[in-house]
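Structure record follows, encoded as structure tokens.
The values are calculated or read from the model by the stated rules, or taken from the named source; none is laboratory data. Fair warning: this is a prediction, and the values are worked out from it, not measured in the lab. Here Cβ is always computed from backbone atoms with ideal geometry, including for glycine, and neighbour counts include all displayed protein chains. SASA here: full protein model, heavy atoms, side chains in, ligands and nucleic acids out. Shrake-Rupley method; radii C 1.70, N 1.55, O 1.52, S 1.80 Å.
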Amino acid sequence: MELPFDRENSDLFGSIYRPHAQVYFWSKKRKNWSGAMMIIDSGADYTLLPRNYMEELGIIKGLDTTTLSTFGVGGGSKVYLLKNKIRVKLGKWERDIPLGFLESNDVPPLLGRHEFMETFKITFDQRITYIDSKS
């Protein structure tokens, strides 16, 4: 799979290129796949979505999640981590992965390493992301 970086506006640099991927999550609510355009973030330990995705996926805060704190470049935040893994799809590949929801809706979806990105061979080369299965 080859994915070109997306050009975005940046207050600091004028414009910047970011690696994105369309990822689909199994929604208990819709009984179907629900998509999210995610930043491929090799610095994210695990995959994170903004809080508003919880409703779309049929996730009930407290019942389906545990609460923890996380810290990153932007400071600290609450994370609602799923107690059970969720089924996700990237291209033709499917995985069951851990998933967290950030307290804020003002953060981009982040495709993280643990049990997802680390299961693929991912190469960033001249503003293109190359993704291939390791198996």
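Is there any pair linking a residue in segment 108-135 that is farther than 18 Å from Asp45 by Cα and without any contact (Cβ under 8 Å) to a residue 40 or more places away in the chain to one that is open to solvent by 20 Å² or more (accessible area, probe 1.4 Å) and aliphatic (A, V, I, L, M), with Cβ under 9 Å and at least six apart or on different chains, and which?
Partner pairs satisfying both residue conditions: none exist.
Would you check which residues across segment 61-114 are of a type in the set (Lys, Arg) and over 30 Å from Asp132 (Cα atoms) and list them?
Lys61, Lys78
Out of the residues in segment 10-39 that are open to solvent by 10 Å² or more (accessible area, probe 1.4 Å) and of a type in the set (A, V, I, L, M, F, W, C), which is nearest to Thr123 (Cα to Cα)?
Among those residues, the one meeting the criterion is Ile39.
Taking segment 40-60 as the region of interest, how many residues are free of Cβ contacts under 8 Å to residues at least 40 places away in the same chain, open to solvent by 30 Å² or more (accessible area, probe 1.4 Å) and not β-branched (Val, Ile, Thr)?
Total satisfying the criteria: 3.
Kindly list the number of the only condition in (1) closer than 19 Å to Pro4 by Cα; (2) within 12 Å of the chain's Cα centre (by Cα); (3) modelled with pLDDT of 95 or more; (4) not charged (D, E, K, R) that fails for Ser42.
Failing condition for Ser42: (3).
Anything in segment 68-116 that is open to solvent by less than 20 Å² (accessible area, probe 1.4 Å) and not in a strand (DSSP E or B)? List them, or say none.
Once the filter is applied, which keeps residues that are open to solvent by less than 20 Å² (accessible area, probe 1.4 Å) and not in a strand (DSSP E or B), segment 68-116 yields Pro109, Gly112, Phe116.
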